[in-house]
1. Test of understanding: among LEU42, LEU16, which residue is of a type in the set (A, V, I, L, M), in contact with a Phe, Trp or Tyr (Cβ under 8 Å, 6 or more places away or on another chain) and farther than 20 Å from VAL267 by Cα?
2. Residues SER364, SER348: which one is more than 21 Å from PRO151 (Cβ to Cβ), of a type in the set (S, T, N, Q), open to solvent by 40 Å² or more (accessible area, probe 1.4 Å) and not in a loop (DSSP other than H, G, I, E, B)?
3. Report yes if GLU357 is open to solvent by 40 Å² or more (accessible area, probe 1.4 Å), modelled with pLDDT of 80 or more and either touching a Ser or Thr at 6+ places or on another chain (Cβ under 6 Å) or farther than 20 Å from ILE299 by Cβ (or both), otherwise no.
4. Residues being touching a residue at least 24 places away in the same chain (Cβ under 8 Å), assigned to a helix (DSSP H, G or I) and either over 24 Å from LEU170 (Cα atoms) or touching a Gly at 6+ places or on another chain (Cβ under 8 Å) (or both): count how many of those fall in region 66-93.
5. Testing ILE198 on (1) among the β-branched types (Val, Ile, Thr); (2) modelled with pLDDT of 70 or more; (3) surrounded by fewer than 13 Cβ atoms within 10 Å (Cβ to Cβ), one condition comes back false. Which one is that?
6. Only one of (1) surrounded by fewer than 24 Cβ atoms within 10 Å (Cβ to Cβ); (2) over 19 Å from ALA370 (Cα atoms); (3) over 15 Å from the mean Cα position of the chain (by Cα) fails for THR68. Which number is that?
7. Pick from region 274-311 the residues that are of a type in the set (Ser, Thr, Tyr) and outside any helix (DSSP H, G or I): which of them is nearest to the chain's Cα centre (by Cα)?
8. Please give the number of the condition THR374 fails out of (1) within 12 Å of the chain's Cα centre (by Cα); (2) surrounded by fewer than 24 Cβ atoms within 10 Å (Cβ to Cβ).
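The values are calculated or read from the model by the stated rules, or taken from the named source; none is laboratory data. Since the structure is predicted, the reported quantities are computational estimates derived from the model, not experimental observations. Cβ placement follows ideal geometry from the backbone for every residue including glycine, while neighbour counts extend to all protein chains displayed. The protein model used for the area step is the full one, side chains on, heavy atoms only, and it has no ligands, DNA or RNA in it. Shrake-Rupley method; radii C 1.70, N 1.55, O 1.52, S 1.80 Å.
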Amino acid sequence: MTINEPVFAAMLVLALVAVGEIISVLTRARVPMLLIAIIGFLVLVWTGIFPKNIVDTSTFSQIGSLMTGPLVVHLGTLIPLTLMFRQYKAVLIALGGTLVAIALVLPIITMLFGYETAVAGMGPIVGGIVAFIVTSDELKALGFTNLVAIPALVLAIHKLFGMPVASIFLRKYALILRDKIGLPDSKKYVAATLEAHIQESKPKKKFEFNTANVLLFKLFLGASLGTVIGSFTGVSSTIWCLIIGVLGARVKFYNENIMDKAKASSVAILGTIFIVIASMSTVSLSQFLHFIPQILAIIIIGQIGILTGGFIFSKVFKVHPYKGMSLALTSMFGFPADYILCQEVSRSVGRTEEEKEMLLNELSPPMLIAGFTTVTVASVIIASILVKTL
């Protein structure tokens, strides 16, 4: 089968993404969209239904490459610094889990499969798509193209390991919390979605020329600046883009959720998904089966490290271990899965609507902040540093 039209090729790959999205919604994010899209793509390529170059033909992955820098700047604008300061224990516990995971994964996986394999899986195990892109780009540049399947598959399936365990611990903590939480005091908690994601509730003065095109220009300006600084400093441009986004939002140069306001976030994220799928185009069935032990080892050892770090740092900061380990595990799934998990636990544990609301308002702020800390910030920095050691 030959596919020469970009629009046709893009439609077929988008069909896989759409099916994955539907399954993810039906399973309440327990089955990741990306896993369905990648497995579907591999099966269709292996059976000859899809040509290996279908993603390249679609040209959509080029959009992903173009939008990576602006997307990272946008992620920086999502980090609510004031809430992070108030939830400093959640931040430190989440980081603690990540650090212990690194301390376990790097030496053990290096002994078992080699240092390159350990680095290939480290960023994605505690992060998201941006950490994958940073890792895969460097692996390709250094000639380790055969290893790109590792971060892609780790990224695709680590939610399957992280979410069920986090759900168990979060539910246990919610049951304890339900009996301890006081009705009068519960009103002091602010819903995380209101504070961290929908802060437009307070009227703000806006620059009247902040149209979608102007906002998009600002994002590309920040990404360009980050690229230039990165070329001079030798520090990954991804880190600089993240810093520029955080500082730009702090000084009000960038709007919160700026890429959403520029109406470009869906296309940017789809572009990055296409990059992940494209990275699998050269993976044969024998290679896929060959990497299963490495991938499972990275995920299992990484999760043990995350749980161990979460437990240790919970004790240090006098936070209940059930809560602390749940916070640490957000590095394996991030937003929106962390908020969906809080919703499901609150609904199942709360006996009245008031209890459900109180539990959600208590559980979601630290969980969301922990996810932001690891997936949006820490994993990008970790991946950027580790790939430079190859």
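1. Details: LEU16 fails: farther than 20 Å from VAL267 by Cα.
After applying the criteria, what remains is LEU42.
2. On the way: SER364 fails: open to solvent by 40 Å² or more (accessible area, probe 1.4 Å).
Result of the check over SER364, SER348: SER348.
3. On the way: open to solvent by 40 Å² or more (accessible area, probe 1.4 Å): yes; modelled with pLDDT of 80 or more: yes; either touching a Ser or Thr at 6+ places or on another chain (Cβ under 6 Å) or farther than 20 Å from ILE299 by Cβ (or both): yes.
So GLU357 fits the description; yes.
4. 14
5. (2)
6. Among (1) surrounded by fewer than 24 Cβ atoms within 10 Å (Cβ to Cβ); (2) over 19 Å from ALA370 (Cα atoms); (3) over 15 Å from the mean Cα position of the chain (by Cα), the lone unmet condition for THR68 is (3).
7. As a first pass, look at region 274-311 and keep what is of a type in the set (Ser, Thr, Tyr): 279, 281-282, 284, 286, 308.
Applying the additional criterion that residues be outside any helix (DSSP H, G or I) yields 279, 281-282, 284.
On the way: SER279: 18, SER281: 22, THR282: 24, SER284: 26 Å.
Per the criteria, the residue is SER279.
8. (2)
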